[in-house]
Each structure stands twice: as structure tokens, then as C-alpha cells.
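Here's the structure, in C-alpha cells; my notes come after.
The values are calculated or read from the model by the stated rules, or taken from the named source; none is laboratory data. Here the structure is a predicted model, which is why all the values come from computation and not from measurement. Cβ atoms come from the backbone with ideal geometry, glycine included; neighbour counts cover every protein chain shown. All accessible areas refer to the heavy atoms of the entire protein, side chains included, with ligands and DNA or RNA removed. Shrake-Rupley method; radii C 1.70, N 1.55, O 1.52, S 1.80 Å.
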Amino acid sequence: MKCVLITGASSGIGQQLAIDYAGAGWHVIACGRDRDKLQQALADSPIGDFRVFDTTDTQACETALAGDSEHIDLAILNAGTCEYIDNVRRFDATMFSRIINTNVLGTANCLAPLLRRMVRGSRIAIVSSSVTFLPLTRAEAYGASKAALDYLCRSLAIDCANQGLEFTLIRPGFVDTPLTERNDFAMPGRVDAATASNAIRRGLAQGKREICFPRLFTLILRIFSRLPMNLWHCLAVRMVRKVKTREAANG
Ligand SMILES: NC(=O)c1ccc[n+]([C@@H]2O[C@H](COP(=O)([O-])OP(=O)(O)OC[C@H]3O[C@@H](n4cnc5c(N)ncnc54)[C@H](OP(=O)(O)O)[C@@H]3O)[C@@H](O)[C@H]2O)c1
């Protein structure tokens, strides 16, 4: 039986992945930081094992992820969070550090024990975001954290290639989850968690190094990302100005 370990399995994309992999007969190690929430979220699925730890706690990650010899075929490092910056002139360094801590250092804390124990033929997938195609308004903290994951994942893929350990970078567009419920702006191309899980599982089964979805939305971002940086800068500034003018007009 194949074994998948998923962080952030108590909600959203991670929860759906855990349900779908368990439904497909995989042994699922579902990780979260709140045992009740995790068990409730996956109550109807045959989950093999629950691991409860906060990914920002280095020692807790070591204890939870290094302590057994179970073979892991696939680890999906998905736990993450998002906050936007409303007023950059009141830059909140504490919030910035919170996002970096969860998204970047939390992922590194999980990687450390997994890199020691995972063997040839297994795969580590890191959930980044399509936000990294382009610098976007208000996404200074979230975008910076996910850009760090992009680099980390691609760099690890090079250094682990000779040991037969594979890496996949996952870059979703907008997905309907508790994380995006809080968003107060239009989310073009938004898909539900089931669609996201299908795209991720299909891409992983095909051994892709990068999984971007939904296809049209991420293709448009990719095209814009090829523009000269000055041109994108002017377009983005103009879009922000338009939105602010509309907001001011609406009181
Ligand atoms: N939704 C989107 O549109 C979208 C787009 C691009 C990328 N992503 C990425 O996809 C991943 C999953 O997001 P989602 O939309 O499914 O969000 P979500 O529903 O809020 O789920 C986030 C998961 O991460 C867990 N988590 C957060 N901080 C943690 C910590 N310190 N330790 C352990 N677990 C922690 C949460 O646990 P609790 O339940 O305990 O809070 C939850 O299980 C994130 O990395 C996110 O950045 C999402």
C-alpha cells in the first residue's frame, strides 16, 4: 500500500487531498495542529494515522516526523497561511514574520526530518502559489513567503536528483477554502477543493516537477510574467489606482 503524508490536512486543499488519497486506497498520514479539528475533518475517511504538531515548532516536527521507520512514498507540505497588507506605510513586521514563519520556516521544519528518512523513488511536493508569477498588490508577505518556497523546492530538486528523491512544486490559483473565504476581492478562475485535489493528484501521478492550475488562469499569469518588468509595474499601478478611485467613489 502506498503511503502519503500531508500537512495542513484539517482544512481546505489538504483535507480534500487526504480524503481523496484515502479513498483511492493509500495509507494517509494526516497532519494538523488541532487533533479534534483534524479528526472531525476526516471523520468519514479511512485515515491511517494522525500526527498533531505545529509546523512552526522545530522540535515538534522532529518528534512527529522522524520518530518511526514507516516508508513514505509521497509527502505533501501544504500547511500554510495568508494575510494581506492593507497599508504598506504602516508595514507590520510582526505580521510579515508570522507569514514567513508559517509558510517558509514551517516547511523547512518538516523538510529536515523528511529529507533524512525518505528514500530513492519517493517524492516531496511543496505547496506554493500562483502569486509568485507576478508581484501583486497587498501580497508582499504572502508572495515573498511563497517565492522562497519556489526557490527552495527547485534547488532541493537539483541537489537530491542523484539520490533519486523527486520534488514537485505546486502553484494553485484561487481555491475555495477557509483561507480564501476571508478575501474581500474578486478571485478570477476560482475552483473548488475537489478540482484542486484532482489537478494535484493527477500531476503527482504523472511525476510532474511543477503543477499549475487552473490552466487558463495560470497561463494568463505566465504570459503577463513574460512582460518587461516596467510594463507590468505600470499596468499593476494603474489597476490599483482604478480600484482605489472606485472604492473612494463608493464611500
Ligand atoms: N486557497 C487558495 O486559493 C490557495 C492558493 C494558492 C496556494 N494555497 C496554499 O495552499 C495551502 C493550503 O491552503 P488552503 O487554502 O487549503 O487553506 P486552509 O483551508 O486555511 O488550510 C490551511 C491548513 O494549514 C494548516 N496550518 C496553518 N498553519 C499551521 C501551522 N503552524 N502548523 C500546522 N498546520 C498549520 C491549517 O491548520 P489549522 O486547521 O489548525 O489552522 C490548515 O490545515 C497553503 O499553503 C496555501 O498558501 C492556497
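Observations
- Only one of A22, A43, A30, A18 that is assigned to a strand (DSSP E or B) and either open to solvent by less than 30 Å² (accessible area, probe 1.4 Å) or without any contact (Cβ under 8 Å) to a residue 60 or more places away in the chain (or both): A30
- Filter result (within 16 Å of the ligand (Cβ to nearest atom), part of a helix (DSSP H, G or I) and open to solvent by 10 Å² or more (accessible area, probe 1.4 Å)) within region 152-179: L152, P178, L179
- Restricting T81, T107, T94, T102 to those that are of a type in the set (S, T, N, Q) and open to solvent by less than 20 Å² (accessible area, probe 1.4 Å) reduces the list to T107.
- Answer residue from region 180-215, given it is over 18 Å from L74 (Cα atoms), open to solvent by less than 70 Å² (accessible area, probe 1.4 Å) and assigned to a helix (DSSP H, G or I) and is nearest to the ligand (Cβ to nearest atom) among those: T180
- Given (1) farther than 18 Å from I6 by Cα; (2) touching a Pro at 6+ places or on another chain (Cβ under 8 Å); (3) within 16 Å of the ligand (Cβ to nearest atom), index of the condition T218 fails: (2)
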